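Scroll down for the structure; my scribbles are underneath it.
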There are 2 protein chains.
Amino acid sequence: MSRPVMGPVRVGLLGMGTVGGGTVRVLRRNAGEIARRVGREIVIAQAAVRNPARLQGLDLGCLVTSDPFAVVRNPEIDVVVEVMGGIEPARSLILEAIAAGKHVVTANKALLAEHGNVIFAAAQEQGVVVAFEAAVAGGIPIIKAIREGLAGNRIQWLAGIINGTSNYILTQMRAEAKDFPSALAEAQRLGYAEADPGLDIDGGDAAHKLTLLASIAFGIPVDFAHCHVEGIRNLDRVDVVYAEDLGYRIKLLGIAKRRADGVELRVHPTLIPERHLLASVEGPFNAVLVDGDAVGQTLYYGRGAGAEPTASAIVADLVDVARTLTADPSNRVPHLAFQPDCMSALPLLPMAAVESAYYLRIHAHNRPGVLAQVATVLAEHDISIEALVQKEAGAAADVPIVLLLHRCREGDLDAALARIQALPVVTRPVLRLRVEGLGESA
Amino acid sequence: MSRPVMGPVRVGLLGMGTVGGGTVRVLRRNAGEIARRVGREIVIAQAAVRNPARLQGLDLGCLVTSDPFAVVRNPEIDVVVEVMGGIEPARSLILEAIAAGKHVVTANKALLAEHGNVIFAAAQEQGVVVAFEAAVAGGIPIIKAIREGLAGNRIQWLAGIINGTSNYILTQMRAEAKDFPSALAEAQRLGYAEADPGLDIDGGDAAHKLTLLASIAFGIPVDFAHCHVEGIRNLDRVDVVYAEDLGYRIKLLGIAKRRADGVELRVHPTLIPERHLLASVEGPFNAVLVDGDAVGQTLYYGRGAGAEPTASAIVADLVDVARTLTADPSNRVPHLAFQPDCMSALPLLPMAAVESAYYLRIHAHNRPGVLAQVATVLAEHDISIEALVQKEAGAAADVPIVLLLHRCREGDLDAALARIQALPVVTRPVLRLRVEGLGESA
């Protein structure tokens, strides 16, 4: 049994590559918010790196060692984060950490898909947690969604785009009309594919993740050896074109399906209807569609890889473990995400302070000079017009003028609109809608 | 402080309308799986309904009363599920349940958005949980995602389609070219809109939900009174058309954005780029896009209302509470979703047992009768062709024949493909891809 932790939660980090570095960065940058959410700090107390000399100058603020076994044997460590990858020594390290009563957070999909049963059994016996949100679909909290968010459901099936490299290549083949080799080369150039891309394009990586998802969804042991695996290496550009002609897009899907007689577990390129939401998941993004008997279909979408998206999942697991170690049930399943003492730092802003782009529909008398009057008022408030739609009005007495405005302060637009509304040529209330790019340029 | 529960978790249910009925149904139907996930049973021990006589013949298997206060005062009840709706008596009942040390699960967005601060403070003081996953976006585990799954992030902003009625109406206005009144009438006919649709189409319901999401995301008190609220009542069909001309779709969005000087909180119809994933969320579906500093953008999609989707969220909250009440940390944050003793009920099936639709690309000599040979083999294995693409080959010696096949057993197709591959006219390995409708007809 693990001992309760009362001070900071002390993390031992195995590996300081891309994901390890991202984890250090995120834990530091958001230390205050995380502590307020959990009710205690989460600190990296010791890190094992292959070559500690390389870290000189980089102030990790913790013990650094080249011996990862020193970390799992350190009695001061509560949780071990394994982000070194590979089967050995990761497997031995995790088993030794478990045996020492430490919780484990890992991003190691290959290890868990191939050796998870032994690891989970050891953890169960020791009463410790092995958390692996980061092993599947980067920062998308899909493990949590299936394990907890959909816990009331009998999961019928799930289907996921869970290898960003393959999805990027398939997107390039469709949208940029590239053939497979040049799309792969482009993915390698951008760092989306490894120099040895086999694990990605031949489906093995997706199969590792699918094995873990199926285990969570159906309560079955991990059984990577029996997962059917086909990659995208044999696809030709013409298949992408034919599929489009037929109303489909090709995606590398991992599919797990519950049937009366067993479970289907398969990774293969798949034609899916082009209007389906999954068909719109492009480039290096991941998405998982889950069908539960009560909830119906739900979908989870986001970046499937990268230092900080993966670190996001690792920190979420650390927060879960920290809450597990906390006695107060209101911290374990908090009603709010924060401790109440910080609950008033940010005031709500008035609408006049909001900045947005805008759509205006203005009805005015059908006569020359109307647009000039409107444009002049806007210009006097430093608001610029991005686009104009003016439909042929013919002999109508009243014409709609539709404008798209660049971003401005809502308060400035309010003032301009009051003047536009008062123009004698304007015949009806002006309709104002807001335009948001939602992360794209609007 | 709540007392630990060792036997079944005993639920008191307040309200037996659509959501209450769905909750009873889901808890019963999936009782076995839920118990295996949690390590104990979750049972409804008592239910309060307005008119118990109406429930005669319906075997609830528990105490039934017309007095909801009898439920919150029943010392045998561990958790109260409030699905009666409205402000009073729901507010008094929840506060009394909390005062009695009971955990509370509620779907009551209006109550929490308007009176949540008092309720959360009382719960914090008593050390009990108030869980409300069902209050926002039906069965989509969005509260859990923000509160736990993204706990390592500083949330920058979120934007959601969180009122299915409005989204259904907007979809009808665009896709079916309806005007607002007839789209609303259609929504009412299908049960997506109430007889009094004001709360939905004027934005109040979305604002209730947005208030809760912002509170979770930013750690601020609920402050519904200061949320900016505009609905879709003033939209004209022409705005939908103009927006499309400009490359946008109109969605009723709830937007919460963190700025250095405070938080924007606003519900209004919004033009968003038509290629954005949120623009593809149609009909009564909900979706929430969340931008975190580590994870980037993630999106959560599913049914935002309905008896069983909402029940899915309520049961998930009950499972969380039940895990909170459990001493064994491996059940609190389980590495697998199931107890290990059931971990081998479902065998993995061989690929030959899978049923799918298929895409075939067959290269054959350019001569008459080739298609007939292929079709004959398929017919002899009872496999039927749904579509055929045969491009003009001109004088090429080798032509691709692309076929879409109806669903069949993979084993049958394997046998047919072995014969097709062996036909002397076939010049290259046949490419076989699978076709999946993913819940739509493939």
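Calculated FRET efficiency, A:LEU388 to B:GLU176, Cβ-Cβ distance, R0 = 22 Å: about 0.20 to the nearest 0.05. The string of couplings for the stretch B:400-415 from the Karplus curve (6.51, -1.76, 1.60, θ = phi - 60°) is x, 10, 10, 10, 9, 9, 5, 4, 8, 6, 4, x, 5, 5, 3, 5 Hz, one whole number per residue in order, with x for Gly and Pro. Distances, shortest first, from the label point of B:GLY283 to those at the same position in the other copies read 2.9 nm; the point lies 7 Å along Cα to C-beta.
Enter the Cα centre distance for the pair the stretch B:422-437 and the stretch B:194-245, rounded to the nearest angstrom. Spelled out, the Cα-based centre of one part sits 52 Å from the other. Quick one: among B:ASP261, B:ASP78, B:ASP205, which has the greatest mean-square fluctuation in a GNM of chain B with alpha-carbon springs under 10 angstrom? Most flexible of the set in this elastic network: B:ASP261. Largest mean-square fluctuation among B:ALA195, B:ALA387, B:ALA287, in a Gaussian network model of chain B whose springs join Cα atoms under 10 Å apart, belongs to B:ALA387. Kirkwood radius and radius of gyration were both taken over the C-alpha atoms of the stretch A:142-304, and their ratio Rg/Rh is 0.97. In chain B, the longest principal axis of the Cα atoms and the axis of helix B:370-380 are about 50 degrees apart.
In the elastic network of chain A, a GNM with C-alpha springs shorter than 10 Å, the most mobile of A:THR106, A:THR171, A:THR427 is A:THR427. Take the convex hull of the alpha carbons in the protein assembly as shown; its mean projected area over all directions comes to 40.5 nm².
The calculated FRET efficiency for A:ALA396 paired with A:ARG54, based on their beta-carbon distance and R0 = 60 Å, is about 0.25. Taken over the stretch A:351-435, the convex hull of the Cα atoms encloses 79 Å³ per residue. In this structure, the amide hydrogen of A:MET16, modeled 1.01 Å from its nitrogen in the peptide plane, lies closer than 5 angstrom to those of A:ARG50, counting only residues at least 5 positions away or on a different chain. Label points for A:PRO181 are taken 7 Å from Cα along Cα→Cβ. From this copy to the others they lie 6.5 nm apart, shortest first.
The trypsin sites (Lys or Arg not before Pro) of the stretch B:44-90 that meet both conditions, a loop assignment by DSSP and at most 13 other Cβ atoms within 10 Å of the site Cβ, are B:ARG50. How much of the calculated P(r) for the stretch B:45-180 lies past 27 Å, in percent of all Cα pairs? The calculated P(r) of the stretch B:45-180 puts 37 percent of pairs beyond 27 Å.
Ranked from shortest, the separations from the 7 Å Cα-to-Cβ label point of B:ARG237 to its equivalents in the other copies are 4.4 nm.
Pairs of alpha-carbon atoms within less than 8 angstrom and 6+ residues apart define the contacts here; what relative contact order does chain A have, in percent? Provide the component values of the computation, followed by the final result.
Numbers: 861 pairs, mean separation 70.7, N = 442.
Computed over chain A, the figure is 16 percent.
Shown here for the stretch A:15-104: GluC sites (Glu not before Pro) in loop regions (DSSP other than H, G, I, E, B) with at most 10 other Cβ atoms within 10 Å, namely A:GLU76. Pairs of Cα atoms in chain B fall into 10 Å distance bins, from 0 up to the last occupied one, in shares of 4, 17, 22, 20, 17, 11, 6, 2, 0 percent.
When the dipole is taken about the Cα centre of the stretch B:142-303, and only Lys, Arg (+1) and Asp, Glu (-1) are charged at their Cβ, what size is it in debye, to the nearest 20? Before the final figure, lay out the partial values.
Values: 17 positive and 21 negative charges, 100 e Å.
That gives a dipole near 480 debye.
Ranking A:LEU405, A:ALA379, A:VAL425 by Cα position along the charge dipole of the stretch A:351-435, where only Lys, Arg, Asp and Glu carry charges on their C-beta atoms, puts A:VAL425 farthest toward the positive end.
Just from its helices, what would the mean residue ellipticity at 222 nm be for the protein assembly as shown, if runs of 4 or more DSSP H residues each count -39500 (n - 2.57) and the sum is divided by every residue, rounded to the nearest 500 deg cm²/dmol? Don't skip to the answer; put the middle values down first.
On the way: 28 runs with 297 residues, N = 884.
Value at 222 nm, helices only, nearest 500: -10000 deg cm²/dmol.
The rule of thumb for compact globular proteins, 2.2 N^0.38 Å, goes into the C-alpha radius of gyration of the stretch A:10-112 1.02 times. Each label was represented as a point 7 Å from its Cα along the Cα-to-Cβ direction; for A:ASN234 and B:HIS226 these points are 6.2 nm apart.
Quick note: the coordinates plus some simple rules give every number you see, no bench work behind them. Bear in mind that the values here come from a model prediction, so they are computed numbers and not experimental data. Here the Cβ is made from the backbone with ideal geometry for all residues, glycine too, and neighbour counts use every protein chain on show.
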